[in-house]
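First comes the structure, then the notes that go with it.
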């Protein structure tokens, strides 16, 4: 099935703010998704997994709160990498 151009697609926990707000998609969105994927690979859960999917969608889209970081048990470079990827 073909999706209409400009429609929002994706899984809420991995969606970048600009995708949620329909303001564009590009490299920044991909970097955001990589950060979410690395976060999940490290912790076993995506960022904001403690929230309902729709709550996470609104939280990310509102661009008000900060995203969770990796726990300090991970290498500082890994923590920095995820933090940079998940910076709005």
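The values are calculated or read from the model by the stated rules, or taken from the named source; none is laboratory data. Computed from a predicted structure; not experimentally measured. Neighbour counts are summed over all protein chains in view; Cβ atoms, including those assigned to glycine, are modelled from backbone coordinates with ideal geometry.
Brief remarks follow.
- Search result, residues across the stretch 57-78 that are part of a helix (DSSP H, G or I), over 13 Å from residue 88 (Cα atoms) and free of Cβ contacts under 8 Å to residues at least 24 places away in the same chain: 58, 76, 77
- Identity of the residue in the stretch 79-88, touching a residue at least 40 places away in the same chain (Cβ under 8 Å) and under 13 Å from residue 16 (Cβ atoms), that ends up nearest to the chain's Cα centre (by Cα): 86
- Cross-chain or 6+ apart pairs with Cβ under 6 Å, the stretch 40-56 first and at negative phi and assigned to a helix (DSSP H, G or I), then at pLDDT below 95 and loosely packed, with under 12 Cβ neighbours inside 10 Å: none
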